[in-house]
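Okay, structure first, notes after.
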């Protein structure tokens, strides 16, 4: 096993060397943040790090995992934005950042999402945890289960808010991982990048709570997709942010900053250097028609071929699309019926005769089998008549 790992590592070094991946320009020691990381959002490749595996208090960045669980349930149609929930005494009594919802008042999922994303409201977070899982404890268990599923091995959640607890911790690397997971969905992006809004709270909905986003990157960072701030005396100032320019999406995290200005300045510095040095070359988007192929005995004789993932390669800014080669291999003599989940070929991506990746190909939709009588008419009777 050790020999196999060594060989794979050596091959990766050869590939990176052949592509002239440039070194990151920022010196880790020049950063004031105690921990930091930059990753490529598509494959979670680490581009830069500083103490990224150190276990630290994450403060309200914790709520990213809560938003992941909310997004999953929305994606599965288990909850909707206009769905209503009744606020418990426990949720209404949460301290820290809040929107002052009252016990027994009725709110919508959308208003709670706004409160979580924009004001980082603890009361709204607990309300959603109870609504989805019956209790905050049930939600915390789901958060830890999801963390294990994502390989976040240095993370332990004990609440959904990020309020201080010795057993509540994570790392910059794990935060980047759960941020990339949140990017798979788009249910919270709008609220995460909205500067100002308001909701009405109270049993009579007669109190307006003006929401001003805690993430000032919204107003001054080009391509921002989402971001989540955090602060406690134990955690200091923290921030996780994702940004996209052209086809390149990067995620940066900084933890343990002594000043709020530092977290915003350093995360911009890290992202800017990432975009200056790296790019994602996108050859085919997930679900886009790549080519077409023929099939026998189907209601359709030709069908579209797609990939279920982006066909792309992350490299330095010196590489061009024409530097790469794509070889399309489609199975011959395909016969209906054919499921859209059946692999029917692959694409091989290479550069300078070095294979960089292989991507599976599938039919764009299910192909039904043609009836015997229709097949007989089209292939026998019609030819006789001609």
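Laid out as a table, the results:
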{"item": "Matching residues, segment 333-358, being within 11 Å of residue 307 (Cα to Cα) and in contact (Cβ under 8 Å) with a residue 60 or more places away in the chain", "result": "347"}
{"item": "Residue within segment 110-131 that is touching a helix residue (DSSP H, G or I) at 6+ places or on another chain (Cβ under 7 Å), assigned by TED's automatic domain parsing to the domain that holds residue 57, free of Cβ contacts under 8 Å to residues at least 60 places away in the same chain and in a loop (DSSP other than H, G, I, E, B) present", "result": "yes"}
{"item": "Filter result (out of contact with any strand residue (DSSP E or B) (no Cβ under 8 Å at 6 or more places or on another chain), surrounded by 13 or more Cβ atoms within 10 Å (Cβ to Cβ) and part of a loop (DSSP other than H, G, I, E, B)) within segment 133-152", "result": "135, 150"}
{"item": "Residue in segment 224-231 that is surrounded by fewer than 17 Cβ atoms within 10 Å (Cβ to Cβ) and in the same structural domain as residue 145 (by TED's automatic domain parsing) present", "result": "no"}
{"item": "Residue among 197, 247 that is touching a strand residue (DSSP E or B) at 6+ places or on another chain (Cβ under 6 Å), in contact (Cβ under 8 Å) with a residue 60 or more places away in the chain and surrounded by fewer than 16 Cβ atoms within 10 Å (Cβ to Cβ)", "result": "247"}
{"item": "Restricting segment 74-91 to residues that are surrounded by fewer than 18 Cβ atoms within 10 Å (Cβ to Cβ) and in a helix (DSSP H, G or I), the residue that is farthest from the chain's Cα centre (by Cα)", "result": "89"}
{"item": "Residue 304 in a strand (DSSP E or B), on the phi < 0 side of the Ramachandran plot and out of contact with any helix residue (DSSP H, G or I) (no Cβ under 7 Å at 6 or more places or on another chain)", "result": "yes"}
{"item": "Odd one out for residue 181, checked against (1) surrounded by fewer than 23 Cβ atoms within 10 Å (Cβ to Cβ); (2) farther than 21 Å from residue 215 by Cα", "result": "(2)"}
{"item": "Index of the failed condition, residue 94 passing every other in (1) surrounded by fewer than 20 Cβ atoms within 10 Å (Cβ to Cβ); (2) at pLDDT below 95; (3) touching a helix residue (DSSP H, G or I) at 6+ places or on another chain (Cβ under 6 Å)", "result": "(1)"}
{"item": "Residues satisfying the stated conditions in segment 160-173, i.e. surrounded by fewer than 22 Cβ atoms within 10 Å (Cβ to Cβ), touching a residue at least 60 places away in the same chain (Cβ under 8 Å) and assigned to a loop (DSSP other than H, G, I, E, B)", "result": "163, 164, 168"}
{"item": "Residues of segment 307-351 classified as under 15 Å from residue 363 (Cα atoms) and part of a loop (DSSP other than H, G, I, E, B), total", "result": "15"}
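The values are calculated or read from the model by the stated rules, or taken from the named source; none is laboratory data. Just so we're clear, the structure is a prediction, and the values are computed from it rather than from any experiment. Positions of Cβ are backbone-derived with ideal geometry, glycine not excepted, and every protein chain shown enters the neighbour counts.
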